[in-house]
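This report refers to the structure that appears directly beneath it.
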Amino acid sequence: MRKFLVVLDDSRECLNAMRFAAMRASHTGGGVQILSIIPPDEFQHWIGVGEIMREEARERIHAHFEVFAKWMRDKQGVDPELVIREGEAVPEILGQLREDPEIGVLVLGAGSDNKGPGPLVSQLSRSAGDLPVPITIVPGELSKERLEAVT
């Protein structure tokens, strides 16, 4: 089964990327894999404190994931899987793409403010020619209705 890999983070544009991935998966009989990355700098403390912070980060990710997963199951009939990795975002995304041959498309949300599309879109689009899968970049300001029309 072809999977759409989408990155879960705290950005506004993440919502449209999630919607797009779920709708495309629903319409094409594919799946959705949601990747959340815990940055390494979150745990630069004493070992005990770092472990507690790591566990709290995982709990936050699971809670955030469940919101999207419920919508995907209820509205799109897609049961997403969650993958949590620790490290720098771009290398971890590339690692996930290499390690899971069922991933067929990377879906990223683009920011719409004056700061540009966001660091992931900027960094990954620069190396798009070397990626093992195509990238779909979903505009952060695209309406739900337009998303439905294009998926």
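No value in this document is a laboratory result; all are computed from the given coordinates. Because the structure is a prediction, the values reported are computed rather than measured. Here the Cβ positions follow ideal geometry from the backbone for every residue, glycine too, while neighbour counts run over all protein chains shown.
Please report, in debye to the nearest 20, how large the charge dipole of the chain is about its Cα centre when each Lys and Arg carries +1 at its beta carbon and each Asp and Glu carries -1 there. Let's see the in-between values first.
On the way: 17 positive and 24 negative charges, 127 e Å.
The dipole of the chain has a size of about 600 debye.
Rounded to whole Å and ordered largest first, report the semi-axes of the equivalent ellipsoid of segment 3-150 derived from its Cα gyration tensor (root of 5λ).
Details: eigenvalues 122, 65, 49 Å².
Listed largest to smallest, the semi-axes of segment 3-150 are 25, 18, 16 Å.
Remind me, relative contact order of the chain in percent, using alpha carbon pairs under 8 angstrom and six or more residues apart?
Values: 235 pairs, mean separation 49.6, N = 151.
Across the chain, relative contact order equals 33 percent.
With springs connecting C-alpha atoms under 10 Å apart, model the chain as a Gaussian network and identify which of Val32, Val83, Val67 has the largest mean-square fluctuation.
Result for the chain, Cα springs under 10 Å: Val67 fluctuates most.
With labels modelled as points extended 7 Å from the Cα through the Cβ direction, what inter-label distance (nm, one decimal) is found for Lys144 paired with Glu86?
Here the answer is 3.8 nm between the modelled labels.
Listed here are the pairs Lys75/Lys144; Lys3/Lys75; Lys75/Lys115; which of them are more than 21 Å apart at the Cα? Could you put the intermediate results ahead of the total?
Values: Lys75/Lys144 13 Å; Lys3/Lys75 18 Å; Lys75/Lys115 33 Å.
From Lys75/Lys144; Lys3/Lys75; Lys75/Lys115, over 21 Å: Lys75/Lys115.
Dipole of segment 3-150 (Lys/Arg Cβ +1, Asp/Glu Cβ -1, origin at the Cα centre): which of Gly29, Ile93, Pro40 lies farthest to the positive side?
Ranked along the dipole, the leading option is Gly29.
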